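Here the structure is laid out as C-alpha cells; the discussion comes afterwards.
Only the coordinates and a few stated rules stand behind these numbers; no lab work does. This one's a predicted model, so the numbers in the text were calculated from it and none came from an experiment. Here Cβ is always computed from backbone atoms with ideal geometry, including for glycine, and neighbour counts include all displayed protein chains.
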Amino acid sequence: MTFPKNFLWGGATAANQIGGAYDVDGKGLSVTDITTAGSLNEPRYLTYKLNGKLEKTPAVPGAGLPEGAVGAIDPNSYYPNHVAIDFYHHYKEDIKMFSEMGFTTFRLSIAWTRIFPKGDEEKPNQAGLDFYRRIFEECKKYGIKPIVTISHYEDPLYLSEKYNDWQDRKMIDMYVRYATVLFKEYKGLVKYWLTFNEINTALLLLNSFGNDDADDAAYQHAYQKLHYQFVVSARAVKIAHKIDPDYVLGNMICGVVDYPLTPDPADVLETRHVMEKNIFYCGDVQCKGKYPTYAKRLWDEHNVHLDITEQDKKDLAEGTVDMYTFSYYMSNVIATHDVSDKVGGNFSAGAKNPYLKYSEWGWATDPTGLQYYLEVMYDRYDIPIMVVESGLGAVDKIDSDGKIHDDYHIDYLKQHIEAMQKAIDDGVDLIDYTTWGCIDLVSAGTGQMSKRYGFIYADRDDEGNGTLKRRSKDSFYWYKKVIESNGEDLGL
C-alpha cells in the first residue's frame, strides 16, 4: 500500500486562529473578533450590544449574531483571536519551518475583512491583498502549493449585523465580489480553492452533540443560510473556471461518521437519517448540483420554506465542485434508547462507543472511521478527495531539556495515515492530507491555546501570556520523515 506519486502532504490553519493583528493595516472586524476565550467546561461567547446594553451569547463556530445585535468588544473580556500566534508578523518564519518538514501544500484561509473591511466596499483594501500575495510568493519560493479557504468562520461583522447571518440574498453579491477579486488577484499563485469551511456545521451543531432543542425558527435560519451559501459557492466555481480553467474548486465538510449503537432497526434508520441531514445534504448539493430526494423530508420536519429561484437551481447544476474535501477528527454513536454511558466535552455528547478511546475533550479516536468515510464519499461522488483537517488536540509539556515529546500526536496521525493507505488501496482517489493545526493555534471550539495540535509549538497560553517563540516538537521530525518517504515510513 503506497500513496500516489504526486500526493500532497502538508498542514492546515485558519486566518482567525493564527493571524492576529486583528486591527492592523485596515482590517475590519469579523464575527470571530468579538468571540471571547472559553475552556473545556465554559463556552466561548459572542459579545454585542442589544438596545444599548452589553450582552453575550454562547458562540457556535460559523454562527452569527442574534437579530438586531451590534457586535461589541467588552473591555473586561479576553479575545484570544486578536493576537492568536501573530502569523501576520511571523509568516516567513512559519512557512520556512513548514518547508523544513517537506510540506508540498499548505492550507490557509483569507480573512474576508482584510480584503473588504466591512464587506460591502466597492474596492478592496490594497494592504490586505498585498499581505496574502507575500504569503503566496513565500510558499512558491519553497515549492509549497496553497489550498485557500475563501470563508473560514470569519464573516465580516458588519455584514452579519446587516443581513442577519446570511438571511438576505444580498450576501450572495457580497461574497461574489470578494471571491472574484481573489481569483483575479492570485491567478498563477493559487490553484486550489475551498468555498466555505465546514459548511454543514449550520446543521450539525443544531441537533448533534447533545443539543436537541433547536426550534423550527433555528432550522429555517440554518437551511436558508445554507441555500444562499450553496448558490454563491456554485457561482464562485463558475467564475473561477472562467478566470482560470486550471483552478480546482472544492467544498468543505465537517466529516463525522455516525454508527448505530445497536442492531435495532430503529437505531440503524436513525443513523442514516442523521448522516443524511448532517453530512450528505451539503455534499449532495455541492457535488451533484441539486437537492437530494430526502431534502423535502428534512424541510417538512421543521416547517422550512426556502427562498429558491429558478436561477438558483440553474447555478447549482452548473457550479458543482471539482473535488470533495473534509475534516475528520472523530466518530459518534446514535441511539434511540436511553443510555447511561455518555461522552461529554467540546461539541461532543451522547452515547459512548465502548470500542474506542476518548481524548480529554471528549472526542473518539477512530481511524477506521476515516477509512469508512473516505470509501463512502468516493463511491457517492466519484471525484478526487482531500483530507484537509485531521489531528488530535492535547496538552503539551516542555521537558527540562527544552524538547516536547508528543508521542500522542504521532500515534494519532500514524493510525489515520494507515487508514488513508487502506482507503487508497481500496480504490479511493485521495490526493491530499493536511493535518489540522500544523502550528499551534487558537482552538475554534474552546478558544484555548492549551489544546494543541501542531508540529510547531507557539509560546502563548490561555490567558495571552508568552513570547510567541516557535519550537519544533518530536512530531515535527517524525512528519518530515513521513513526507520524505511519501507515507511509507511511519516509525518513531
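Each Lys and Arg Cβ is given +1 and each Asp and Glu Cβ -1; about its Cα centre, segment 258-396 then shows a dipole of about 120 debye. Add -39500 (n - 2.57) for each DSSP H run of 4 or more in the chain, then divide by its residues: what number comes out at 222 nm, to the nearest 500 deg cm²/dmol? Rounded to the nearest 500, it is -11000 deg cm²/dmol. Pairs with C-alpha atoms separated by more than 27 Å, drawn from the list K225/K313; K92/K480; K5/K191; K53/K451; K118/K314, are K53/K451; K118/K314.
Work out, step by step, the length gained on full extension between T467 and H89: first 0.36 nm times the residue separation, then minus their alpha carbon distance; give nm to one decimal.
Length gained, T467 through H89: 134.8 nm.
Per the Debye calculation on segment 342-492 with a single equal scatterer at every Cα and no solvent contribution, log₁₀ I(q)/I(0) for q = 0.09 Å⁻¹ amounts to -0.32.
Can you pull the Kirkwood radius for segment 14-152, inverse mean 1/r over Cα pairs, to one decimal in Å? That comes to 16.3 Å for segment 14-152. Restricting the calculation to Cα atoms, segment 190-249 shows an Rg/Rh of 1.15 when the hydrodynamic-style radius is the Kirkwood one.
For segment 218-317, report the convex hull volume of the alpha-carbon atoms normalised per residue, in Å³, without decimals. Each step should come with its number before you reach the end.
Details: hull volume 11.2 nm³, N = 100.
With only Cα atoms used, segment 218-317 gives 112 Å³ per residue.
The lysines within cross-link reach of K49, meaning a Cα-to-Cα straight distance under 17 Å and a gap of 8 or more places when in the same chain, are K162.
Charged side chains reduced to their Cβ positions (Lys and Arg at +1, Asp and Glu at -1) give segment 327-397 a dipole of some 200 debye around its Cα centre.
Relative contact order for the chain: what percent, with Cα pairs under 8 Å and sequence separation of 6 or more? Intermediate values should be presented prior to the final figure.
Values: 1020 pairs, mean separation 89.1, N = 492.
Once normalised by length, the contact order is 18 percent.
Farthest toward the dipole's positive end in segment 52-202, which of P75, T195, G62, given Cβ charges of +1 (Lys, Arg) and -1 (Asp, Glu) about the Cα centre? So the residue we want is T195.
Binning at 5 Å from 0, report for segment 63-103 what percent of all alpha-carbon pair distances ends up in each bin. Percent of Cα pairs in each bin: 5, 16, 13, 15, 14, 10, 10, 9, 6, 1.
Straight Cα distances below 18 angstrom link K123 to the lysines K27, K170, K184, with same-chain residues fewer than 8 positions distant left out.
Summing Cβ point charges (Lys, Arg +1; Asp, Glu -1) relative to the Cα centre of the chain gives a dipole of roughly 1360 debye. Among 110-121, 390-401, 435-446, sorting by the average number of other beta carbon atoms lying within 10 angstrom of each residue, highest first, gives 435-446, 110-121, 390-401. In units of the rule-of-thumb radius 2.2 N^0.38 Å, segment 373-457 shows an alpha carbon radius of gyration of 1.30.
Semi-axes of the equivalent ellipsoid for segment 87-131, computed as √(5λ) from the eigenvalues of its C-alpha gyration tensor and ordered from largest down, come to 28, 10, 7 Å.
Restrict the search to segment 233-322; then list the trypsin sites (Lys or Arg not before Pro) that DSSP places in a loop and that have at most 16 other Cβ atoms within 10 Å of their Cβ. Don't skip to the end; give the middle numbers.
Numbers: sites: R235, K238, K242, R272, K277, K288, K290, K296, R297, K313, K314; in loops: K290.
Sites meeting the loop and neighbour criteria: K290.
Regarding segment 139-270, what's the average projected area of the Cα-atom convex hull, expressed in nm²?
Details: hull surface 44.2 nm².
Reported value for the Cα convex hull: 11.1 nm².
Between H305 and V176, the contour length at 0.36 nm per residue exceeds the Cα-Cα span by 44.0 nm.
Can you give me the pair-distance distribution of segment 79-197, C-alpha pairs, 5 Å bins, whole percents? P(r) for segment 79-197, in whole percents per bin: 2, 10, 20, 23, 19, 14, 7, 3, 1, 0. Once the mean of 1/r is taken over each pair of separate Cα atoms and inverted, segment 408-487 shows a Kirkwood hydrodynamic radius of 14.1 Å. Remark on the chain: hydrodynamic radius 22.7 angstrom, per the Kirkwood mean of 1/r across alpha carbon pairs. Calculated from the alpha-carbon coordinates, segment 250-363 shows an Rg and a Dmax of 16.7, 50 Å respectively. Can you list the aspartates and glutamates whose alpha carbon is less than 15 Å from that of K238, not counting same-chain residues fewer than 8 positions off? Straight-distance partners of K238: D173, D246, D312, D315, E318, D322. Global size of segment 343-406: 16.2, 51 Å for Rg and Dmax (C-alpha atoms, Rg to one decimal, Dmax whole).
When DSSP beta bridges are restricted to pairs lying wholly in the chain, around 35% turn out antiparallel.
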